[in-house]
Structures are given as C-alpha cells and as structure tokens.
There are 2 protein chains.
Amino acid sequence: VSLGAGGEFDLIRRFLAGSPDPPAGVTLGPGDDAAVLDGGWVVSTDLSVEDVHFRRSWLTAREIGYRAAAAALSDLAAMAAEPVGVLASLAVPGAGGVDAFEVNSGVRAAVEALRAAVIGGDLSRSPGPIVVNVTVLGRTQRPALRAGARIGDEIWVTGTLGAAASAVRIWEAGGDPPADLRAAFTRPSPRVREALRLAESGVLRALIDLSDGLAGDAGHLAAAAGIRAVLLERELPVSAAARAALGDAAAYAAALHGGEDYELCFATAPGALDGSALAAHLGVPLTRVGRMEAGSGVWIEGMDGRVGPIERGGFSHFAKGQA
Amino acid sequence: VSLGAGGEFDLIRRFLAGSPDPPAGVTLGPGDDAAVLDGGWVVSTDLSVEDVHFRRSWLTAREIGYRAAAAALSDLAAMAAEPVGVLASLAVPGAGGVDAFEVNSGVRAAVEALRAAVIGGDLSRSPGPIVVNVTVLGRTQRPALRAGARIGDEIWVTGTLGAAASAVRIWEAGGDPPADLRAAFTRPSPRVREALRLAESGVLRALIDLSDGLAGDAGHLAAAAGIRAVLLERELPVSAAARAALGDAAAYAAALHGGEDYELCFATAPGALDGSALAAHLGVPLTRVGRMEAGSGVWIEGMDGRVGPIERGGFSHFAKGQA
C-alpha cells in the first residue's frame with residue numbers, strides 16, 4: 001500500500017514480477033498473490049520497512065513483527081492455501097538485542113495463530129530503519145487465482161473496511177487512534193480460515209486479499225479477467241469505528257482506497273453464495289459489494305444510481321513529501 | 001559474516017532459527033543451510049544490508065543485486081540442491097527507479113547464470129540503506145546436511161580462500177582492491193555444479209558453504225557431529241591474489257576467518273575422494289584442509305606440527321565502532 005498506485009514503483013514492481021514463463025517445477029509464476037510450485041506449495045514474500053509501511057512511534061517492536069507476518073500470511077489466504085512455514089528476515093538498528101527478540105516474537109505469534117511455524121530466517125543489524133521481510137510457504141491442491149471472474153459475477157468482501165487506513169490517517173495528523181482502529185492496523189487477521197472455507201464450498205471464481213484498497217484490488221480481479229468491476233457505494237461495509245472517528249466521507253474514502261484491511265475480495269457466480277448463512281457459520285461479515293461487467297477498470301455506482309469511473313489503485317500513506 | 005561470531009546477534013540468530021520440531025510438510029526445519037519441504041523443495045533466505053554487508057561506494061547497483069542473490073543461492077549449493085526460483089525483495093532509497101532496476105538486473109543475472117528464474121518479489125522505498133532480501137527455492141531428492149561427519153573424516157574445500165575478505169580489508173583501509181579480489185567480493189560463484197557432482201559421487205558425509213569463514217564453518221560441521229575439526233595450516237588454499245596484495249599473514253587470516261568465499265566445505269571418509277581427478281573434471285581446485293577428530297571446537301595444526309585451538313567463528317567487517 002505504501003507506494004501507492006502509478007508512478008515508477010508500479011512499473012518496477014511489474015518488472016520485478018519476473019518473467020512470464022515459469023521454470024520447470026513452478027506451476028504458476030509471478031503475477032498472482034503468490035507463486036505455486038509442484039506439490040501444491042504456494043510461496044510469496046512481503047517486505048515491511050519503517051517509515052514506509054509503519055512508523056516506530058505507532059507500534060511496539062512486537063506489533064511490528066506481528067503486522068509484517070500477518071500481512072505476508074494474507075497472501076496465502078489470497079490463494080486459499082494453508083500456511084505451513086515462514087522465513088523471517090529482520091534488520092534492526094544498533095545492537096538491538098531486545099528489539100530483535102520482540103520483533104521476532106511478534107512474527108511467531110502471527111505465524112502460530114495460524115498453526116504454522118518459523119522454519120528459517122536471517123538477521124542483520126540495520127544502519128537505519130527496521131526492516132522485516134517475511135516469506136510465507138503454504139499448501140493447497142487447488143489455488144484460488146486472481147483471474148477467473150466473469151461478466152455478471154458478484155463481487156464480495158469479508159469483514160469491514162477502512163479501519164486500518166483510518167488509524168494511519170489519525171496518526172499522521174498527530175492524533176491517537178481509538179483502540180479498535182489501532183488494532184486493525186497493528187494486528188490484522190489474515191482470512192485463512194475463511195478462504196479455505198470459501199474454496200471448499202466451490203463458489204470462488206477469483207480471489208485476492210485487500211492490501212492495496214478495495215478499488216485497487218477489485219481492479220486487479222477485473223483486469224485479470226479482462227472485464228470491469230462496478231462497486232456499489234451503498235453496499236460498502238465501512239467500519240463503524242472509522243465512521244465514528246473520521247466521519248462518513250473520510251471513512252468511506254478509507255474503505256474504498258485505504259489499504260491493509262487484509263480482508264478477502266472475491267467473485268462468485270450470481271446467486272451462488274448464500275452470504276448470510278456462510279457469514280453466520282464463519283462469524284465474519286460477508287458483503288456483496290459489486291458486480292463484474294463488460295469493459296475495463298473500476299467503476300462505482302453512487303447512491304444516486306449513477307455509475308462513474310473511480311481512480312484505480314490504492315492509497316499512499318506517506319506519499320506527501322516522501323516521494 | 002557481517003555480524004561476526006559471539007555476542008547478542010548469535011544468540012538471536014539461534015532464537016530466530018525457529019522451533020526444533022518442524023511442522024507437517026517440513027522434512028527438515030531450521031538449523032541447517034536451508035529448510036527442506038515435502039517433495040524435495042529446499043528453501044532459504046538471505047538478507048543483504050548496505051553498510052553492514054557492503055558499502056555503496058564499493059559496488060554498482062547491479063553488483064549489489066548480483067552479490068545478494070549469489071550469496072543466497074550459495075545456501076542451495078550447501079544443500080546440494082538445484083536452484084529453481086527466487087523471490088527478491090528490494091528496498092531502495094528515494095524514487096530510485098534506475099537503481100531498483102539495476103539491483104534487480106543483478107539479481108536476475110545471478111539467478112539466470114544457474115538456470116533458475118525470479119518467481120516473485122516485493123519492492124519498497126527505503127528511508128535509508130539499500131536492502132536486498134533473497135529467498136531461494138531449489139530441489140533435491142537427497143539434501144546434503146551439515147551433520148554427518150565422523151571421526152577420521154577428511155575436511156575438504158573447493159576453490160581458494162580469502163580473496164573476498166581481502167578486498168573488504170583494502171576497501172576499509174581506504175584503498176582500491178585489485179580486480180581479481182574485487183571480483184571475488186562482487187561476483188561470487190555459488191558452487192552449485194560442484195555440489196551436485198559431489199552429491200552424485202556419494203562421497204559427501206557433511207556439507208556447508210563458506211559464508212562465515214573456514215574456521216567458523218568447519219566448526220559448524222564439527223559441532224553438528226559432536227566432534228572437532230583440525231585444520232592444517234600448510235594446506236589452506238590461500239588466494240594468491242590475496243597474498244600478493246596483503247602479504248602472507250593477512251591473507252592467511254582472511255582465508256581462515258574471512259567470510260563470503262562462498263566455496264564449499266565438506267567431509268568425506270578417509271581416502272574416499274580422488275581430489276585431483278574431480279578437480280580436473282570440474283575445473284575447480286579441491287583441497288584437503290583438515291580432518292575430524294574426537295573432541296570439540298576448531299583447532300589448527302601449525303607449520304610446526306603443533307595443534308592448538310583457534311577462535312571459533314567468522315570475521316566481522318564492520319564490527320569496530322558499529323556495534
């Protein structure tokens with residue numbers, strides 16, 4: 001989320017994504033939420049950098065580790081893969097003994113909450129920022145991909161949106177976010193259980209996790225299918241805590257463009273999913289937030305019923321003055 | 001190598017190594033050069049941080065990427081695994097478009113030199129140092145482990161030692177290393193082909209790559225077997241270029257304690273390996289540098305035939321004033 005959409009980093013990110021032809025032994029190369037290897041292994045890597053993805057004043061060392069690992073594990077949820085192990089690389093300032101232990105204990109807590117384990121890692125001193133890179137390894141015999149949505153499909157999300165981005169907004173304005181917004185940022189819950197259940201149910205046509213904001217990530221599903229996503233303004237499950245703290249307009253913007261909700265966004269055939277029954281089973285809200293249509297890009301149907309394009313892409317915390 | 005031996009970081013590194021009981025699906029957990037997963041997948045991660053592992057003034061952006069990836073790939077050689085794919089995470093200062101491309105092109109060059117591919121990655125701005133984390137994925141049906149050496153075994157190394165550490169020493173003293181020393185640091189060659197050939201030949205009882213210095217890494221083989229390593233001072237294949245640049249004593253110290261040679265160190269049964277025949281076949285020197293004995297630690301038999309303990313562990317570039 002930190003780098004926002006567009007600009008040089010998006011270009012480079014695509015470049016980094018690697019070559020389109022995966023080598024022997026690799027079933028699915030770069031371009032989805034994770035690569036898939038022979039034997040059903042799913043692997044992805046995620047970098048968290050101080051003052052880009054978080055500020056030290058916002059989080060304890062343990063929360064820095066927890067959040068970095070949870071964000072990385074969310075990519076396994078996005079493939080409907082079961083987490084098995086992670087490799088955690090930490091760079092911490094100075095001798096930093098206590099901090100590295102604390103960051104690492106946070107990584108472990110996030111990993112163990114999903115019954116996975118730390119199976120390797122690396123450690124370095126850092127001459128500047130805290131850096132945490134987490135590589136996640138999971139398994140599935142049937143990975144859920146970004147591509148596969150069809151015209152007419154419904155677009156769904158789990159949970160509520162905008163709380164984590166609202167916490168960031170309050171911190172960046174010099175405030176102190178209320179506990180529920182703060183927790184959304186510091187302890188995201190990767191939706192692994194929900195993704196596995198949805199995959200089992202057979203309703204998933206396309207799946208992604210919300211790391212760049214709903215508009216951006218629904219746009220990824222649409223782009224992967226060569227169609228357009230139309231979101232319904234009135235249906236967005238905006239976090240009540242975000243509304244209370246920031247007001248409706250800002251909370252709505254955070255829900256649409258804010259990143260790091262780490263909820264799932266997925267497409268199903270029309271009528272295929274009984275959302276309220278599954279939501280009751282999972283104990284997590286499931287909301288139909290839009291539909292796929294012919295076209296391209298991400299659009300929104302406003303309260304007045306009019307459909308217009310919305311700027312594609314996510315939300316950049318620190319874009320101002322730090323380009 | 002950067003953090004040296006002993007001290008807090010060694011403790012934390014052990015802590016980071018994870019729990020001793022690997023989860024289901026993981027054949028070999030932390031503690032070796034890489035973890036091993038069901039299906040023969042081998043996975044490891046390696047962090048390179050500016051001003052800890054390298055300085056920007058020493059290397060081009062492309063060399064920073066090449067070296068980081070080669071160092072990571074050396075862990076696959078250390079398992080006698082064939083490289084398949086890597087995930088590269090880059091944090092680069094500022095907008096840094098050109099640099100990120102260049103770093104990434106170096107990663108690719110190192111990966112493609114071993115017929116592997118970049119299959120994923122992440123990218124971030126960095127508020128300070130260049131950071132490159134490379135996760136490597138390889139395959140083998142018979143991983144070569146650190147444990148397995150026996151009393152009486154011979155200790156061998158590939159190549160020559162001390163050149164990379166000598167380049168660092170010259171840079172740190174304000175000089176400009178000669179081209180062959182510089183290249184040893186900037187473009188290490190992971191000994192994948194050599195490791196696969198040695199594994200095929202069936203002579204390997206234990207294998208590690210030289211990232212922390214011969215004394216430290218031979219010590220890891222000995223410790224994994226619960227025995228001691230005795231190195232032979234007169235046999236050390238000290239880099240001739242290092243001798244020419246630094247003199248015999250400093251070159252010898254670099255060979256013994258300098259890190260980042262990325263050569264192989266392995267144990268074989270006495271007389272099992274015809275080193276000169278295999279060296280001729282591979283085009284790489286193979287030198288018997290010691291033997292395993294009952295006891296513990298790392299010892300050296302000097303030119304005078306006397307055996308004494310040597311300080312265990314590697315060599316810390318930047319230890320002074322940067323603890």
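The values are calculated or read from the model by the stated rules, or taken from the named source; none is laboratory data. Since this is a predicted model, take the numbers as computed values, not measurements. Cβ coordinates were reconstructed from backbone atoms using ideal geometry, including for glycine residues, and neighbour counts include every protein chain displayed. Side chains are part of the model used for accessible areas, which takes the heavy atoms of the whole protein and leaves out ligands, DNA and RNA. Shrake-Rupley method; radii C 1.70, N 1.55, O 1.52, S 1.80 Å.
Given H placed on each backbone N at 1.01 Å, which residues far from A:Gly297 in sequence or on other chains put an amide H within less than 5 Å of it?
A:Ala229
Taking a label point 7 Å from Cα toward Cβ, how far is B:Gly175 from its twins in the other copies, in nm, shortest first?
For B:Gly175, the inter-copy label distances come out at 6.1 nm.
Give me the percent of DSSP beta bridges within the protein assembly as shown that run antiparallel, rounded to the nearest 5.
70 percent
Taking all protein chains as present, what is the carbon and sulfur share of the accessible area of chain A, in % to the nearest whole number, probe 1.4 Å?
50 percent
Taking 41 Å as R0, compute the FRET efficiency from the Cβ-Cβ separation of B:Asp38 and B:Arg150 and round it to 0.05.
Efficiency, from the Cβ-Cβ distance: 0.90.
Span-like helices, chain B: DSSP H, alpha-carbon axial extent 18 Å or more, mean Kyte-Doolittle -1.0 or greater, which ones?
Helix filter hits for chain B: B:61-77, B:97-112.
Once fully extended, how much extra length lies between A:Ala277 and A:Ser105, figured as 0.36 nm per residue of separation less the alpha-carbon to alpha-carbon distance?
Using 0.36 nm per residue and subtracting the Cα-Cα distance, I get 58.3 nm.
Roughly how big is chain B's charge dipole about its Cα centre, with Cβ charges of +1 (Lys, Arg) and -1 (Asp, Glu), in debye to the nearest 20?
180 debye
Mean-square fluctuation check for chain A, GNM, Cα pairs under 10 Å: which of A:Gly31, A:Gly290, A:Gly305 is largest?
Largest GNM mean-square fluctuation: A:Gly305.
Taking springs between alpha-carbon atoms closer than 10 angstrom, which of A:Ser124, A:Ser105, A:Ser48 fluctuates most in the Gaussian network model of chain A?
The residue with the greatest mean-square fluctuation here is A:Ser124.
If you put a point 7 Å past Cα along the Cβ direction, how far is that point for B:Ala280 from the same point in each other copy, in nm, smallest first?
Label-point distances to the other copies, shortest first: 8.1 nm.
Output the relative contact order of chain B, whole-number percent, from Cα pairs under 8 angstrom with separation of 6+ residues.
Normalised by residue count, the contact order of chain B is 23 percent.
Could I get the Rg over Rh figure for chain A? Both from C-alpha atoms, Rh via Kirkwood, rounded to two places.
Rounded to two decimals, Rg over Rh is 0.95.
Can you work out ³J(HN,Hα) from phi for every residue in region A:29-46, in order, using Karplus 6.51 cos²θ - 1.76 cosθ + 1.60 and θ = phi - 60°, giving whole Hz and x for Gly and Pro?
x, x, x, 9, 6, 7, 8, 10, 10, 3, x, x, 6, 10, 9, 8, 9, 9
If amide H atoms are built 1.01 Å from N in the plane of the peptide, which residues on other chains or at least 5 residues away come under 5 Å of the amide H of A:Ala206?
Residues meeting the amide H criterion: A:Ala267.
Considering only A:Leu264, A:Val132, B:Ala69, whose Cα is most displaced toward the positive end of the charge dipole of the protein assembly as shown, charges sitting on Cβ of Lys, Arg (+1) and Asp, Glu (-1)?
Comparing the listed Cα positions along the dipole, A:Leu264 ranks first.
List the residues of region B:90-136 whose accessible area drops by at least 50 Å² when all protein chains are present, compared with their chain alone, using a 1.4 Å probe and counting only protein heavy atoms.
Buried by 50 Å² or more upon assembly, which counts only protein chains, are B:Ala95, B:Phe101, B:Arg108, B:Ile119, B:Asp122, B:Leu123, B:Ser124, B:Arg125, B:Pro127.
To the nearest 10 square angstrom, how much accessible area does B:Phe101 have with a 1.4 angstrom probe?
Approximately 70 Å² of B:Phe101 is accessible to the 1.4 Å probe.
Taking the label point as lying 7 angstrom from Cα along the Cα-to-Cβ axis, what are the distances from B:Arg234 to the corresponding position in the remaining copies, in ascending order and in nanometres?
9.3
Using a 1.4 Å probe on protein heavy atoms, which residues of region A:52-74 have at least 20 Å² less accessible area in the complex than alone?
Relative to the lone chain, where solvent access is computed with a 1.4 Å probe, region A:52-74 loses at least 20 Å² at A:Val52.
Given a 1.4 Å probe, how much area per residue of the protein assembly as shown is accessible, in Å²?
Per residue, the protein assembly as shown has an accessible area of 35 Å².
Compute a Gaussian network model of chain A, connecting alpha carbons closer than 10 Å, and tell me which residue from A:Leu282, A:Leu161, A:Leu236 fluctuates the most.
A:Leu282
Counting only C-alpha contacts under 8 Å and six or more residues apart, can you give the relative contact order of region A:143-302 as a whole percent?
Computed over region A:143-302, the figure is 44 percent.
Could you state how much accessible area is buried at the A-B interface, both sides summed, with a 1.4 Å probe, in Å² to the nearest 100?
5500 Å²
Report P(r) for the protein assembly as shown: all Cα-Cα distances, bin width 20 Å, range 0 to the bin holding the largest distance, values in whole percent.
20, 51, 23, 6, 0
Which length gain, in nm to one decimal place, applies between B:Thr60 and B:Ser201 when the Cα-Cα distance is subtracted from 0.36 nm times their residue separation?
Full-extension gain reported as 46.9 nm.
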